[in-house]
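Contents: one structure, followed by commentary.
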Amino acid sequence: MKILWTPWRMEYIMGGKPEGCLFCTQKQEPEGKDRENHILHRGATCYILLNRFPYTNGHIMIAPYQHVASLEQLEDKSLYEMMALTRASVAALNKAFSPAGFNIGLNLGKVAGAGIADHLHIHVVPRWAGDVNFMSVLGETRLIPETLNTTYDKLLPILTQEVSRIR
Ligand SMILES: [Zn+2]
């Protein structure tokens, strides 16, 4: 994977980290605040959210409710739903943004690049040819929240439809 130029991630790297686990905190937020928190879907064992510090537009994360660092500790039913929600996310992103490809994966452990190593999560990063320079065009960090809300609103109805197909 080529290095993406994502200046707004400095806010994440340099900014104060919230107390506790972000994924556990967010899942406990009231559902009325899902748009504010960019939570796209709450499943039985996992939920889908937009990454607030995206590598590309439409960077999604799927996290189990269970607070575990490794796949070995994850319940079987979460494992299945996590992958089903990953598939639904890919389908929705394809329909919403027509990316040319995806990077999908888990960073397990800080040494592997996990920002939040204690609570595993799958990254779904849509890719476009030439996206190494994506967003550097937009430049200003302050534009990102607006971009996230636009992405959220476009993705939500499509993703909701894709998720409803899961059996
Ligand atoms: Zn957690």
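The values are calculated or read from the model by the stated rules, or taken from the named source; none is laboratory data. Keep in mind that what you see is a predicted model, and the values were worked out from it rather than measured. Methodologically, a virtual Cβ is constructed for each residue, glycine included, from the backbone with ideal geometry; neighbour enumeration extends over all protein chains shown.
What the table shows:
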| item | result |
| --- | --- |
| Within the stretch 22-41, considering residues that are within 15 Å of the ligand (Cβ to nearest atom) and not β-branched (Val, Ile, Thr), the one surrounded by the fewest Cβ atoms within 10 Å (Cβ to Cβ) | GLN28 |
| Filter result (outside any strand (DSSP E or B) and over 14 Å from ASP153 (Cα atoms)) within the stretch 34-52 | GLY43, ALA44, THR45, ASN51, ARG52 |
| Residue within the stretch 53-65 that is away from the ligand (no atom under 14 Å from the Cβ), in a loop (DSSP other than H, G, I, E, B) and under 16 Å from GLU162 (Cα atoms) present | yes |
| Where a residue in the stretch 143-157 is under 17 Å from ASN94 (Cα atoms) and its partner, wherever it lies, is basic (Lys, Arg) and modelled with pLDDT of 90 or more, with Cβ under 9 Å and at least six apart | TYR152/ARG35; ASP153/ARG35; LEU156/ARG35 |
